[in-house]
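The values are calculated or read from the model by the stated rules, or taken from the named source; none is laboratory data. Since we're looking at a predicted model, the values are computed, not measured. Positions of Cβ are backbone-derived with ideal geometry, glycine not excepted, and every protein chain shown enters the neighbour counts. Please note that ligands, DNA and RNA were not included when accessible areas were found on the heavy atoms of the full protein model with its side chains. Shrake-Rupley method; radii C 1.70, N 1.55, O 1.52, S 1.80 Å.
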Amino acid sequence: MKKLALHWKILLGMLFGVIVGVIMANIDGGKEIVQDWIKPFGKIFINSLKLIAIPLILAALITGVADLKDISKLSKMGGRTIVTYIITTVIAVSIGLVLVNIINPGKSITESTRTEMVKNYGDNTTKYKAEAKNQKQTGPLQALVDLVPQNIFKSATSNRNMLQIIFFAVFFGIGLILIPEEKGKIVKEFFSGFNEVILKMVDLIMLAAPYGVFALLAALVVESPSLDLFKALGWYALTVVLGLMIMIVFYNMLVFVFTKRKPSFFMKAMSPAQLLAFSTSSSAATLPVTMERVTEHIGVEEEVASFVLPIGATINMDGTSLYQAVAAVFIAQAFGMDLTFGTQLGIIATATMASIGSAAVPGAGMVMLVGVLGYAGIPEAGLALIFAVDRPLDMCRTVVNVTGDAAVSMLVAKSVDKLGEPNVKNWDDNYEEGN
Ligand code: ASP
């Protein structure tokens, strides 16, 4: 396996995972064997990635902001980042809406399938509805209040609080810029060294990536629901996947037009992060690898990547917003509702907000979908309809979320003249043992 490029190793791991999963699902007691003896390794792999997410954001952002040396550069970059993120999200939702209105996947769901699914999956969706309800019981400015933590150590205890960590890190970085250089030097050097260590840890974890994704996919296959359901939801799933594919093409065009980097270059550089996003369904878990690919392989300078990517992982979810738009209209169609043009425009706004609010963890998009449904007056019971295929779609939309962040980081880097030469020479060397 030594000479093979990393993305091939990961792909092979995924393939073996699926094969082993299918075989074990058909053997008596096979499911339990996978759950007891293979799944834990997948969990260990994801945990080790999540383990470094918060230290990485902290160190990378503090170093990144401090490197900017003046506040006006920070606000310029911040403004461009947020605006580009919002534009790509609105485009994603719009693509989703156009497709779902053309394909009309909900119309192919018969009334009996609908009733059966609501009956079978109704219970499973209670958890999502309860979680969404918790989030709804707050005022309109709660998101802003939540941004500012009372205690940074408490925030650092959960990966869900990434925005609070980002807030602290940017604030700390600003403080660092404003104090005399000789006093800040030691702090800056400390965080910069810390950052290097974390990136080296990413390299080490990635050595285990092929085995980690093997375990994750084998467990996913033995635990997945029956194929019949997938068939009933085929058109819906296809609509989402088609939309997501269009988004990938769109990013490649953006990257090419603004940075002149070819699609083959961009996709090759990003493939390990994309495969990981697919296997883990979590932008947060993938963040360390996205960061490493974008800086070390694409050439985005660290001060841009360490600012744009952690923010993107938390607020920019184009795949999620596209999926929420398609899912909302699909459910409405399945329940025989006709949504007016005005309501659909409202879906653009709510899905954009909902994707910003979605945590970068598996299934988060579905929780926030409850809000979109509520806005458009679509029955929440409809969540049960899409539940069966949510995980595979979550895997696909996470790939788009991660790719979108990377593309935007390149555009922002280009606009502030921080897109360096790509490191194509030793494309995979970083991951070889002893390096
Ligand atoms: N799993 C997605 C992510 O981490 C969020 C979602 O759509 O559920 O990016």
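Looking at the range 357-372, can you tell me whether even one residue there is of a type in the set (Gly, Ala, Ser), more than 9 Å from the ligand (Cβ to nearest atom) and open to solvent by 10 Å² or more (accessible area, probe 1.4 Å)? Yes: the range 357-372 contains one or more residues that are of a type in the set (Gly, Ala, Ser), more than 9 Å from the ligand (Cβ to nearest atom) and open to solvent by 10 Å² or more (accessible area, probe 1.4 Å).
Suppose the filter is surrounded by fewer than 24 Cβ atoms within 10 Å (Cβ to Cβ) and either away from the ligand (no atom under 16 Å from the Cβ) or among the aliphatic types (A, V, I, L, M) (or both); does Gly336 pass it? Against the criterion (surrounded by fewer than 24 Cβ atoms within 10 Å (Cβ to Cβ) and either away from the ligand (no atom under 16 Å from the Cβ) or among the aliphatic types (A, V, I, L, M) (or both)), Gly336 qualifies. Restricting the search to helices (runs of 4 or more DSSP H) fully inside the range 64-162 and requiring at least 1 residues that are at pLDDT 90 or above and open to solvent by 70 Å² or more (accessible area, probe 1.4 Å) gives 71-103, 152-155. Taking every residue in the range 341-363 that is part of a loop (DSSP other than H, G, I, E, B) and pairing it with any residue that is of a type in the set (Lys, Arg), at least 6 positions away or on another chain, the pairs with Cβ-Cβ distances below 7 Å are Ala359/Arg160. For the range 305-313, the criterion of being open to solvent by less than 10 Å² (accessible area, probe 1.4 Å), within 23 Å of Ser158 (Cβ to Cβ) and within 12 Å of the ligand (Cβ to nearest atom) is satisfied by at least one residue. In the range 316-332, is there at least one residue being open to solvent by 10 Å² or more (accessible area, probe 1.4 Å), more than 9 Å from the ligand (Cβ to nearest atom), farther than 27 Å from Val18 by Cβ and polar (S, T, N, Q)? The answer is no, given that none of the residues of the range 316-332 is open to solvent by 10 Å² or more (accessible area, probe 1.4 Å), more than 9 Å from the ligand (Cβ to nearest atom), farther than 27 Å from Val18 by Cβ and polar (S, T, N, Q).
Being basic (Lys, Arg), surrounded by fewer than 24 Cβ atoms within 10 Å (Cβ to Cβ) and either within 16 Å of the ligand (Cβ to nearest atom) or under 23 Å from Ile205 (Cβ atoms) (or both) is true of Lys268. Checked against (1) within 13 Å of the chain's Cα centre (by Cα); (2) open to solvent by 10 Å² or more (accessible area, probe 1.4 Å), Thr398 meets all criteria but (2).
The residue list Leu411, Leu385 contains one member that is assigned to a helix (DSSP H, G or I), away from the ligand (no atom under 16 Å from the Cβ), at pLDDT below 90 and not charged (D, E, K, R), which is Leu385. Does the range 272-294 include one or more residues that are open to solvent by 10 Å² or more (accessible area, probe 1.4 Å), away from the ligand (no atom under 16 Å from the Cβ) and not small (Gly, Ala, Ser)? No, because not a single residue in the range 272-294 is open to solvent by 10 Å² or more (accessible area, probe 1.4 Å), away from the ligand (no atom under 16 Å from the Cβ) and not small (Gly, Ala, Ser).
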